[in-house]
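K.L.:
Handing you this structure, nothing more for now.
The values are calculated or read from the model by the stated rules, or taken from the named source; none is laboratory data. No experiment lies behind these values; they were computed from the predicted model shown. Using ideal geometry, Cβ is built from the backbone for each residue, glycine included, and neighbour counts are taken over all protein chains shown. SASA here: full protein model, heavy atoms, side chains in, ligands and nucleic acids out. Shrake-Rupley method; radii C 1.70, N 1.55, O 1.52, S 1.80 Å.
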Amino acid sequence: MESSQHSAQKFIPLILTIALLGFAFSLSIGEANLFSPSDGKALLVSHLYHNAFFPFQGEPILSFLGMKTEMWWTFLVLFSVGCVALRAQLFPEEEKVTQIGMGSAMGVGIAIIFRDETILLHSVLWLPYLFACGLRVYSPEKSFGSLGQWIWIGLLALFSWRLSNAAGVCAAPFAVLAALFLVWIRPGHRSLLPIFAVVLPAVAVLLAFPEPPWPHYPPFAQIIRNLEASEIIRPLIGFAPGLPCVDRSAVFTLTALPALLLFLLSLISCIIDRERLRSVAGGFSLFLTGAVLIDVWLPYGARIIGPLATFERILPLAGLFPLATVAVPVSLIFLLSRAPCLSGSLCTLLVVLGSFFAPKPLSLDATRIPYASPSAELYSVYGEAQLSHMKEALVSSVESPAEYVLQATASRHEEQLHFLFDGVLKSRWGVPADERSREDFVSVQLKESKSISGVVLELGPYQTDFPKGLRVRTSENCELPSENWEIAIEETPWVGNVGFTKEGAPYWLNTQEIRLVFTEEKMVRCFQIELTKPQKFFDWSIGELRLLISE
Amino acid sequence: MGLELVISRNASQLVSFGLALIVFAAVSGNTYLWDGQGAAIWNSASWIGGIGALILLFPVIVTRKLPKTLDARVFALFLIPLFFTDWLCRQYNLLQGPPIRGEILLFAFFTGLMFRARVRFTPYLRGITVFLLLVVLAGSFFYASHGRIIFSDDHPVFQMRLQYLKDNFPFIPFFSPLWNGGIDARDFFATGSLNFFFVFSPLIYAFPLQQSYNFLVALLLFLFFPGCMYGAARIARLRHPAPYIAAILAVTVSLFWYRWALKYGTMGFITSVSLLPINVAILGIVLSPKRELSPGLAVLSVFSVTFSLFWSLSGFAFIPGILLALLLFRRVLHKKFSVLIVIALLAINIPWIGMFLKVSNVFNFVQAESLTTARHIPTPEAKPLEGEQKLFRHKKGGFDLAKSIKKFQENARAANPLILFLLIPGLFMLRPGTRLAFGATCFWLGSVGAVLIPVKPQLELDRMLLIMFVLSCIPVAECIRRLYLTQRLRPSLLSTVAAVTVGGYFFAAPFSVAGVLGNRSVEQYYFANDEVQMLANAIERFGGSGRVLFSGFVLHELSQGHLAPLVFQTSKQLMASSHVHDKWQYRQIIPAEYMEKKREGIIEYLDLYNVTAVVAHEKPWRDFFLKHPGMFEPVWRGPTFEIFQRKGITPSYFLEGEGSILSIEGNKVVFSLQSNDAVLKFNYFPFLEVQGCVLSKEDISESVHLVRLSGCPTDIPLTLHSVDPLTRLFFR
């Protein structure tokens, strides 16, 4: 009776594995959906669904073996084999059938969770091999210094190199993770050489990593000038490049529920089995899932000081991809690698089933994602056509209309209007804060009609006195009432000047100059600049008024 | 009695708490929660300081004695409330919050893990850690450079000075005809460029400066400076790993360190300050009743003090040491080598200090803090302006306690908080002589730096505060070592929390510095953009046979740096106001007396200096040149500058007489004359000579004085150059 029960238990993981494979097959997951970064506007608006950069580097080992690297099945099989190897190192006394079954279940489960994210699957492909090699090298039973050990160290370096290459921008976090793993399992007196064997290939890969094709935004380019959006991270320290942000809503969609589920599973398993907590697998699983929870569930102020956000800032290139989406499968690997057969199978099933019911970020409309990049907001505010005008206007000549101004009027302080054309920025026309209203305006009549593409209001030393909203009306017939003049441009709110990176990506600039570029060139005899939204505490000042003349 | 016993047992902690609270109030000022948007923790720091003073005095009064030691753990624990205040989020903070809190937490966590795992930092690991850290920081700098030479503010000027030294040392000062019609190239002494030159002379001579300058800067910041700090800690006999800790603290000392080093380019100052910890550590030995100087240290002290003194203001840092040495005269006199050191220092330094005092008008400069009335005309069409002119970065004023505290807080905010909170307990952990040396010097520098700035604005004494923080790395390193030792030998909750907290800040700081070096902080620094080479090429092509003059006032218009090294990238002589940073307000290159005469005066000045091309970057000057197409032809336009060639002129370097210029080099003009007398269009200086001629001053106007030559031989090469330095020192 007992032996038949025992035999039945042995086959449970196999049955589960077959069921999972059937599930996967029934979903017709076939060719991998690789996403490579492309040039052009798509990169500037959003990449994938969360402004990230994760290129597919290819897998030379598989190519060498004649396996098609685009095939999802290739990764699935190889990854499962790695999980089996890891399982074998962790449970050497376990039966082979159970090792194969559980390892396959791990591999299939994680591959199903990734589904279309083949690049992510590729990034963790060699992780189980690395851990298995590390366990082998630091096995207390094996002596150090023998030829066999050197071979294992060599394999460790090889898998570290492949892992780093596949992980791409996540190479540094994986290297740190692997190094910590080895430090944890290292018997006290053993050599540090295996740790160097893990870290050095990652360093080499990072040094050779091509620079991401990201627009070179200046360090202080901001998403919204007044930082009204709180989810914008400007990594100012460490190695993180000047990336503006990651789409947090997509990260939340992908990882929130799996992370919560895994955290609870890790916690329960550690409570049930205290030894699990002290083990590297239990500890790392709990730490990673806890870190992901901090990253996706907590508000901005707490999240940016969480471990994942910190690693994204301080590790080379790690800020280019949200670590939370990678941490979830890695924590699952840790959780399952140490799990007994039955509970491990149940966990796998639970997580896989859960992933089917989680919302899919790919269904989100990428163009509607707020704050996907410093440029996205500008595209949604101005549109591509207007941004193109603005870029062209940068090479327009800026002239003072002093020589052809016939007369100028204003809502207030007309005696100061001549300062607008005196060539001295320190002198200004201004309306004090306590007098300002939405009826304020400056009106200029030229001696003759002129073709202009915009107006420039230079603030000079009065950088804080910019308006929050402006409208420019123009007309060739100055006899008409100004409210009948054509609106050439209206910007309410006016958030900042627009600059362009050398790649042509727009971003918000400073407020020293207000450059209002018309949607098209206009023949203008008179124009009126109207304050549509004043600032709360500051004056409205103009140091110099100039015109944009197309060349 | 029971209370007295309790207080007596905890006197050290209470006094430490009171002192730490005073420090907290002093560095923090009005303090708010988290990011400054939260509630105020206190609105009046003076009240908090007062409470701290009461807490400090209370056990002293009760027990009627001072505690023998301070408890460094209490000071370290104040870093925890600091974490929750807006201090980390204030502008110009070294640790750039709010995200830096993540790094502090992470590394505190890792420090705790290290304690739990009983990880021992063997010498091998220490060395590797420090080496990797320095490599990473240097890598951040080079990555930010993208192969371009650093060109921020005074860096180009420093490059020019190094090139001058490379070409002319030891014959300095000298006459340089390359800038402004001839200048007295003498500011090597005032700016401290000599120390940098000496330290790196093998590399400077071996490689072209254009290619090696970034490496020299990196070597100074990431090898020389931490190396000196390590050496100072070893001299002060700090036990391991304190010297390594001091080296790491050195490279994370303050945001302003990198402001002065990278943004402002004051490399002489940086080199001098790098050596000061060694000087003070050796002073500690001199003042110590028990230690003696070794021959090696004696020789080192001579070089170290000399190199420090090359940046003349470092003398301020030596004042407490000199006073202490005088106070403990007998002890110092009986130290081995002390007399020899003094004699050597005097023998080496008096000659160059004498030259410095003679050529640099030092006394006028030291007394020049008053605003001066000057007349100048900024643009061709402008009216003359008269009035007070700001001469220096700081304004003159008197003693003002509130301003002093504010200035101190500004500098403290930019410093590593470990230095602020652990300095006082750290000083008490040093050996007696070292404690006296570092304590007195730090106290003196703190006072000078906070209080004396408005009194002598020209001296920019706020740098003394930065020097104080640099020197503090030694006592703070010892304090950190003792904290970890205490945790290891007598682990308790208090010592563990203190050590873990210190670990969080200690390991987070290098990442913040990496961001500063990567140009991702409020302190931006700049590298040469394409315009530098474009402008140099354009000047070479369109400059003509005479000089090229930059109209108006040029400060940092060329790639955020000065024009100075352009003379080495072209074969032309240049004129500008100013090619170095010696003016704090707009000052036209053309003197007022010529500007008043409008176009005629301007042309006259250009003719006087044989200007064959002008460079404009200001609209009024561009408009002026464009309005006179018969005289100025636009030939080149760059992003910032535009070159106009002069038309209808006959260029000549001779105002009177006939001759030809054979060559104009960095320190001389070689020419020949067809007449016995001539007036050269070069500025006159009393130390100039031409062999075979009588040289005198030709006063052209109030501001222009050229060289008149009489009785010269004809048709042979003659050389206009400076007399040798010794002759100039004693006879000219």
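K.L.:
For B:TRP636, which sequence-distant residues (separation of 5 or more, or a different chain) have an amide H within less than 5 Å of its own amide H, given hydrogens modelled in the peptide plane?
P.N.:
B:ILE643
K.L.:
Just to verify a number: what accessible area does A:PHE252 come out at with the full protein assembly present, 1.4 Å probe, Å² rounded to tens?
P.N.:
It works out to around 80 Å².
K.L.:
For peptide A:301-308, compute the average count of partner chain beta-carbon atoms within 10 Å of each residue's beta-carbon.
P.N.:
Per residue, the number of nearby Cβ atoms from other chains is 4 on average.
K.L.:
For chain B, count all C-alpha to C-alpha pairs, find those more than 50 Å apart, and express that count as a whole percent of the total.
P.N.:
23
K.L.:
Any idea how far the Cα center of the range B:199-219 sits from the one of the range B:489-558, in Å?
P.N.:
When both Cα centres are located, 18 Å separates them.
K.L.:
Continuing with the same structure: Given the options B:TRP47, B:PHE78, B:LEU94, identify the residue whose Cα lies farthest towards the positive end of the charge dipole of the range B:37-160 (+1 on Cβ of Lys, Arg; -1 on Cβ of Asp, Glu).
P.N.:
My answer, from the dipole projection, is B:PHE78.
K.L.:
Cα gyration tensor of the range B:486-612, axes a ≥ b ≥ c as square roots of the eigenvalues: rounded (a/c below 1.5), prolate (a/b > b/c) or oblate?
P.N.:
Cα axes put the range B:486-612 in the prolate bin.
K.L.:
Moving on to the next point. Starting from the exponent 0.38 and prefactor 2.2 Å, build the expected Rg for the range B:52-198 from its residue count and divide its actual Cα Rg by it. Don't skip to the end; give the middle numbers.
P.N.:
Working: Rg = 25.6 Å, N = 147, 2.2 N^0.38 = 14.7 Å.
Expressed relative to 2.2 N^0.38 Å, the Cα Rg reads 1.75.
K.L.:
Right, next: Heavy-atom accessible area of B:ILE235 with all protein chains present, probe 1.4 Å, nearest 10 Å²?
P.N.:
It works out to around 20 Å².
K.L.:
Please give the total accessible area that chains A and B bury against each other, computed with a 1.4 Å probe and expressed in Å² to the nearest 100.
P.N.:
1900
K.L.:
In addition: Check which residues have an amide H placed less than 5 Å from B:THR714's amide H, if you skip close sequence neighbours.
P.N.:
none
K.L.:
Tell me the Kirkwood radius of the range A:501-551: reciprocal of the mean inverse pair distance over distinct alpha-carbon atoms, in Å.
P.N.:
Hydrodynamic radius (Kirkwood, Cα only) of the range A:501-551 equals 14.3 Å.
K.L.:
In addition: Taking +1 at the Cβ of each Lys and Arg and -1 at the Cβ of each Asp and Glu, which of B:ILE248, B:PHE307, B:VAL476 sits farthest along the dipole of chain B towards its positive end, judged by Cα position relative to the Cα centre?
P.N.:
Farthest along the dipole direction, towards plus: B:VAL476.
K.L.:
Quick check: from the Cα gyration tensor, does the range B:136-292 come out rounded (a/c under 1.5), prolate or oblate?
P.N.:
Oblate, since a/c reaches 1.5 and b/c is not below a/b.
K.L.:
For peptide B:505-514, compute the average count of partner chain beta-carbon atoms within 10 Å of each residue's beta-carbon.
P.N.:
Details: counts 0, 0, 0, 4, 0, 3, 8, 4, 2, 5.
Rounded to a whole number, the mean comes out at 3.
K.L.:
Using a ≥ b ≥ c from the Cα gyration tensor of the range A:293-337 (square roots of the eigenvalues), is it rounded, prolate or oblate, where a/c under 1.5 gives rounded and otherwise the larger of a/b and b/c decides, a/b for prolate?
P.N.:
oblate
K.L.:
To continue, here is another question. Can you tell me what the convex hull of the Cα atoms of the range B:575-675 projects to on average, as an area in nm²?
P.N.:
8.3
K.L.:
Roughly to the nearest percent, how much of the accessible area of chain B is carbon and sulfur, given a 1.4 Å probe?
P.N.:
63
K.L.:
Here's a follow-up. Provide Rg and Dmax in Å for the range B:183-236, with only Cα atoms included in the calculation.
P.N.:
Calculated on Cα positions, Rg and Dmax stand at 13.6, 45 Å.
K.L.:
When the dipole is taken about the Cα centre of the range B:494-596, and only Lys, Arg (+1) and Asp, Glu (-1) are charged at their Cβ, what size is it in debye, to the nearest 20?
P.N.:
I would put it at about 140 debye.
K.L.:
Let me ask something additional. Modelling each spin label as a point 7 Å along the Cα-to-Cβ direction, I'd like the A:ALA204/B:ALA39 distance in nm, to one decimal.
P.N.:
Distance between label points: 5.8 nm.
K.L.:
Net charge within 9 Å of B:PRO173 by Cβ-Cβ distance, Lys/Arg positive one each and Asp/Glu negative one each, not counting B:PRO173 itself?
P.N.:
0
K.L.:
By per-residue mean of other Cβ atoms within 10 Å, what is the highest-first order of B:483-493, B:142-152?
P.N.:
B:142-152, B:483-493
K.L.:
Which FRET efficiency value, to the nearest 0.05, is calculated for B:LYS65 and B:LEU494 with the Förster distance at 35 angstrom and r the Cβ-Cβ distance?
P.N.:
0.90
K.L.:
Further question on the same structure: Take each of the peptides B:317-323, A:146-152, average the number of other beta-carbon atoms within 10 Å over its residues, and list them starting from the highest.
P.N.:
Per-residue Cβ counts within 10 Å, averaged per peptide and sorted highest first, yield B:317-323, A:146-152.
K.L.:
Could you tell me what percent of the accessible area of the range A:144-188 is made up of carbon and sulfur, with a 1.4 Å probe and every protein chain present? Kindly include the intermediate steps, with their values, before the conclusion.
P.N.:
On the way: 1270 of 1650 Å².
On the range A:144-188, the fraction of accessible area on carbon and sulfur atoms equals 77 percent.
K.L.:
Shifting gears a bit: Find how much the distance from B:LEU401 to B:SER447 grows on full extension, using 0.36 nm per residue of separation minus their present alpha carbon separation; answer in nm with one decimal.
P.N.:
Numbers: separation 46, 0.36 × 46 = 16.56 nm, distance 1.11 nm.
Result for the pair: 15.5 nm of gain on full extension.
K.L.:
Provide the net charge surrounding B:VAL157, with neighbours chosen by a C-beta distance below 11 Å and charges set as Lys +1, Arg +1, Asp -1, Glu -1. Spell out each step's value before the answer.
P.N.:
Numbers: positive: B:ARG161; negative: B:ASP153, B:ASP154, B:ASP187, B:ASP582.
Neighbour charge sum, excluding B:VAL157 itself: -3.
K.L.:
Further question on the same structure: Along the Cα→Cβ direction, 7 angstrom out, place labels at B:ARG120 and A:LEU147. What is the inter-label distance in nm?
P.N.:
So the label points at B:ARG120 and A:LEU147 sit 3.5 nm apart.
K.L.:
Just read off the accessible area of A:ARG186 with the full protein assembly in place, 1.4 Å probe, to the nearest 10 Å².
P.N.:
70
K.L.:
Once the piece of chain linking B:LEU327 and B:THR719 is laid out straight, how much longer is it, given 0.36 nm per residue of separation minus the C-alpha distance between them?
P.N.:
135.7 nm
K.L.:
What order do A:LYS502, B:LYS583 take when sorted by accessible area (1.4 Å probe), most exposed first?
P.N.:
Reading off the accessible areas and sorting them downward yields A:LYS502, B:LYS583.
K.L.:
Provide the per-residue ³J(HN,Hα) series for the range B:437-446, in order, calculated from phi with Karplus coefficients 6.51, -1.76, 1.60 and θ = phi - 60°, each as a whole number of Hz, with x at glycine and proline positions.
P.N.:
Working through the residues one at a time gives 5, 5, x, 5, 5, 5, 4, 4, 5, x Hz.
K.L.:
Add +1 for every Lys or Arg and -1 for every Asp or Glu among the other residues with Cβ under 14 Å from the Cβ of B:LEU706, and state the total.
P.N.:
With Lys, Arg at +1 and Asp, Glu at -1, the neighbours total -3.
K.L.:
If you consider only alpha-carbon coordinates, what radius of gyration and Dmax does the range B:218-287 have, in Å?
P.N.:
Cα only, the range B:218-287: 12.2, 37 Å (Rg, Dmax).
K.L.:
Something else now. Which of the peptides A:289-300, B:285-296 is most tightly packed, and how do the rest follow, judged by the mean count of other Cβ atoms within 10 Å per residue?
P.N.:
Result, highest mean Cβ count within 10 Å first: A:289-300, B:285-296.
K.L.:
Which whole-number percent is the relative contact order of chain B (Cα, under 8 Å, 6+ apart)? Could you put the intermediate results ahead of the total?
P.N.:
Numbers: 1321 pairs, mean separation 121.6, N = 732.
Relative contact order for chain B comes out at 17 percent.
K.L.:
Past the 24 angstrom mark, what percentage of all C-alpha to C-alpha distances in the range B:209-341 do you count? Let's see the in-between values first.
P.N.:
Numbers: 2880 of 8778 pairs.
That fraction is 33 percent.
K.L.:
In whole Å, largest first, what are the principal axis extents of the Cα atoms in the range B:276-333?
P.N.:
Its Cα atoms span 31, 25, 16 Å along the three principal axes.
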